[in-house]
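K.L.:
Below is the structure I would like to discuss, written out as structure tokens.
What follows is calculated from the coordinates using simple rules that are stated; it is not laboratory data. Not measured: the values here are computed from a predicted model. Neighbour counts run over all protein chains shown; Cβ positions are idealised from the backbone, glycine included.
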Amino acid sequence: MSERRVRVRFAPSPTGPLHIGGVRTALYNYLFARQHGGDMVFRIEDTDSTRFVPGAEEYIIEAFKWLGIEFDEGVSYGGNYGPYRQSERRDIYQKYVQQLLDAGKAYYAFDTPEELEAKRGEVENFQYDASTRLTMRNSLTLPASQVQQMIADGEQYVVRFLVEPGRDVVVHDLIRGDVSINSSILDDKVLFKSADQLPTYHLANIVDDHLMDISHVIRGEEWLPSAPLHVLLYEAFGWTDTMPRFAHLPLLLKPVGNGKLSKRDGDRLGFPVFPLEWHDPKSGEVSSGYREKGYLPEAVVNFLALLGWNPGNEHSEVLSMAELIELFDLEKCSRNGARFDYIKAAWFNHQYLISRPDAEWVPELDRILRANGIETTPEKEEDVVRMMKLKVIEYTDNEGNKKKRNVSFVSDLWPLCRFFFVAPQAFDREDKFVRKNWKETTAEEMKQFMRQLQETEDFSTEGLRQKIDPWTEETGIRPWNAWRICLVGEGQGPDMYELAAFLGKDETLRRIENAIQQLG
RNA sequence: GGCGCUUUCGUCUAGCGGCUAGGACACAUGCCUCUCACGCAUGGAACACGGGUUCGAUUCCCGUAGGCGCUACCA
């Protein structure tokens, strides 16, 4: 078994945008596959034609591209095990359904949805299983000739799996160990529906995993209760020796309150639950995405990887995809659900944002500036990036130490740097910083200060420092905070000499004059 | 209701019979300082409960309680 090539799959239903929990499941599959030099398969499980949502498949593919989770084969990637869309595999499933039917391991059932509904109404905890199947309308209770006739007449039916009661079915789970369930509590699951000539999830899933030679099934914990059914299905087909190994991942829970993470939590607390922004084609509703919110894909991946798995104490929590691949270990996955700590997600984003290479900033910053009506030319771009990188993301303090600012999202940047491009228009007298640093004597001091600036020949950072520092010593005037109000409008921003040097003498003086006029 | 999974700081977790129970996020305080930050330092903060097993349980077993999931002609 250790010789078997690792092949895993991520197999979503195209019923809407990819939930962040699904992203994590895919990520774990990906890490596992890459670590073992195996294959990652992308399969579309669209066996419920009524729930198909246009655009969902494309959305999912785009989301993984953005996140850097790569598939080796599957829908849109090709491969030797296709087709990878279940709706295109009808013939295959029919063959295997027939195989079970012929072997007496499955049977036709003609009970209509209405009849079943009625049954559930009159019998408490009704379940279609060994205890009830002989009281229903199916090929076990009806004469064979009548069954043939009904099918020939086009009567709607389903094929159900015949579960032998009274057996303990053991599922070996890589994360949880052996899980045992008695087959008597399992129902005779519907395997195939005549209405759309498609199988249900369970049948399609087992057949495809077998045919695609999947070695490991890594999926969410919600599948654990049906895992014994899947084991039984492998047995019924005679595929137990190549049955994949199972691993059921803990679920992602709400940040606060009870239950699993839902879209509503994101709306309520202000964080996305989808990787990309999603425009619902029916309702027109727009759901925010990590990408559009200014998250970096590396940060999302890193954060998600650590929700339910941990490499241990000796490692930093800031891990690249390559490091995650190297360290990942299914058996070290935790078994209990993880609350979704979106505050920590922001911290991860901060980590990646401040250490981003300059080149990657160019298009991003350019976009921000254009969005705010600042035109940059390609020649100027580099200067703008350098300036913003040095003065907004990272700067040098008076002692020459490199410092970094608390920027968590790309969208935080504009408010932090707009003063480089736009002079403060109005001043808020109620602002704490303004109140504290603009006193009655300040206007007069600023006028004196302006004369010093006026006389400064070398208006560079160093030139200003050499001219102004001695003056503050002589006069005892400490101009920096008031000066900051003039140029920035509030208590933030880089070193004042650096800022003034960037703005230039004219603009610096203009802004001070304006502030004096307004604040008096 | 039935079945299954699960339970260490507020949160994510390390721990795999003997530890002052460790780290990260968040929080608080201090240092730095021309502002906001960053950084650094410090601090508070946890083994759900009850029985066993054992010389010794956070760790193993059994209950109880809580949490989560499944219980469709959805995945």
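K.L.:
Which net charge results for the neighbourhood of residue A:85, defined as the other residues with beta-carbon distances under 12 angstrom from its beta-carbon, given Lys and Arg at +1 and Asp and Glu at -1?
P.N.:
-2
K.L.:
Further question on the same structure: Please report, in whole Å, how far the alpha carbons of chain A spread along each principal axis, starting with the longest.
P.N.:
Cα extents, longest axis first: 109, 48, 41 Å.
K.L.:
With +1 assigned to the C-beta of every Lys and Arg and -1 to the C-beta of every Asp and Glu, and no other charges, what is the dipole magnitude of region A:42-142 about the Cα centre in debye, to the nearest 20?
P.N.:
360
K.L.:
If you place +1 on the Cβ of every Lys and Arg and -1 on the Cβ of every Asp and Glu, how big does the dipole about the Cα centre of chain A come out, in debye to the nearest 20? Before the final figure, lay out the partial values.
P.N.:
On the way: 63 positive and 83 negative charges, 155 e Å.
Rounded to the nearest 20 debye, it is 740 debye.
K.L.:
Can you list the HN-Hα couplings for region A:36-48, worked out from phi with the Karplus curve (6.51, -1.76, 1.60; θ = phi - 60°), rounded to whole Hz and with x for Gly and Pro?
P.N.:
Karplus values, whole Hz, x for Gly and Pro: 9, x, x, 10, 10, 10, 10, 10, 9, 9, 10, 7, 9.
K.L.:
Can I ask one more? What is the Å³ per residue value for the convex hull set by the Cα atoms of region A:272-336?
P.N.:
Cα-based convex hull of region A:272-336, divided per residue, equals 117 Å³.
K.L.:
Under the rule that an exposed site lies in a DSSP loop and has at most 11 other Cβ atoms within 10 Å, name the longest stretch of chain A with no GluC sites (Glu not before Pro) of that kind, not counting the sites themselves.
P.N.:
A:125-284
K.L.:
What Kirkwood radius, in Å to one decimal, follows from the Cα pairs of region A:404-466?
P.N.:
14.9
K.L.:
Hey, if you put +1 on the Cβ of every Lys and Arg and -1 on every Asp and Glu Cβ in region A:1-114, which of A:33, A:56, A:94 ends up farthest toward the positive end of that dipole?
P.N.:
A:33
K.L.:
For residue A:282, which aspartates and glutamates qualify as cross-link partners when the Cα separation must be under 16 Å and same-chain residues fewer than eight apart are set aside?
P.N.:
Reachable aspartates and glutamates: A:57.
K.L.:
Under the √(5λ) rule applied to the eigenvalues of the Cα gyration tensor, what semi-axes describe the equivalent ellipsoid of region A:432-519? Give them in Å, descending.
P.N.:
Working from the Cα gyration tensor, I get semi-axes of 19, 14, 12 Å.
K.L.:
Can you list residues from other chains, or at least 5 along the same chain, whose modelled amide H is less than 5 Å from the amide H of residue A:138?
P.N.:
Those lying under 5 Å, H to H, from residue A:138 are A:110.
K.L.:
Counting pairs of Cα atoms in region A:110-260, how many percent are more than 20 Å apart? Display every interim value, and only then the final one.
P.N.:
On the way: 6664 of 11325 pairs.
Counting pairs separated by more than 20 Å, the tail of P(r) holds 59 percent.
K.L.:
Quick check: the angle from helix A:358-371's long axis to the longest principal axis of chain A, C-alpha only, nearest 10 degrees?
P.N.:
Approximately 80 degrees, to the nearest 10.
K.L.:
If you don't mind, there's one more thing I want to ask. Within region A:292-364, which trypsin sites (Lys or Arg not before Pro) sit in a loop by DSSP and count at most 14 neighbouring Cβ atoms inside 10 Å? Present the calculation step by step, with values, prior to reporting the outcome.
P.N.:
Numbers: sites: A:293, A:332, A:335, A:339, A:344; in loops: A:293, A:335.
Passing both the DSSP loop test and the Cβ count: A:335.
K.L.:
Which length gain, in nm to one decimal place, applies between residue A:176 and residue A:92 when the Cα-Cα distance is subtracted from 0.36 nm times their residue separation? If you can, show how the numbers build up before the last one.
P.N.:
Working: separation 84, 0.36 × 84 = 30.24 nm, distance 3.31 nm.
Full-extension gain reported as 26.9 nm.
K.L.:
Calculated from DSSP H runs of 4 or more alone, at -39500 (n - 2.57) each and per residue, what is the 222 nm mean residue ellipticity of chain A, nearest 500?
P.N.:
Numbers: 20 runs with 214 residues, N = 520.
Computed ellipticity for chain A at 222 nm equals -12500 deg cm²/dmol.
K.L.:
Of all DSSP beta bridges in chain A, what percent run antiparallel (nearest 5)?
P.N.:
60
K.L.:
In addition: Which distance in nm do the two modelled labels at residue A:167 and residue A:80 give, with both placed 7 Å along the Cα-to-Cβ direction?
P.N.:
Result: 3.3 nm between the two label points.
K.L.:
Once both axes come from the Cα atoms, what is the angle between helix A:201-211 and the longest principal axis of chain A, in degrees from 0 to 90, rounded to 10?
P.N.:
90
K.L.:
Compute the projected area of the convex hull of the Cα atoms of region A:6-136, averaged over all viewing directions, and report it in nm² to one decimal place.
P.N.:
Working: hull surface 44.5 nm².
The number I arrive at for region A:6-136 is 11.1 nm².
K.L.:
Let me ask something additional. Share of antiparallel DSSP beta bridges in region A:89-249, in percent to the nearest 5? Mind showing how you got there, number by number?
P.N.:
Numbers: 16 of 22 bridges.
About 75 percent, rounded to the nearest 5.
K.L.:
For region A:432-519, what is the charge dipole size about the Cα centre, in debye to the nearest 20, if Lys and Arg each add +1 at the Cβ and Asp and Glu each add -1 at the Cβ?
P.N.:
Taking the Cα centre of region A:432-519 as origin, the dipole is about 480 debye.
K.L.:
Now, a different point. Which of the residue pairs A:263/A:432; A:254/A:344; A:119/A:193 have a Cα-Cα distance greater than 26 Å in the structure shown?
P.N.:
A:263/A:432
K.L.:
If you don't mind, there's one more thing I want to ask. To the nearest 10 degrees, how steep is helix A:113-122 against the longest Cα principal axis of chain A, on a 0 to 90 scale?
P.N.:
90
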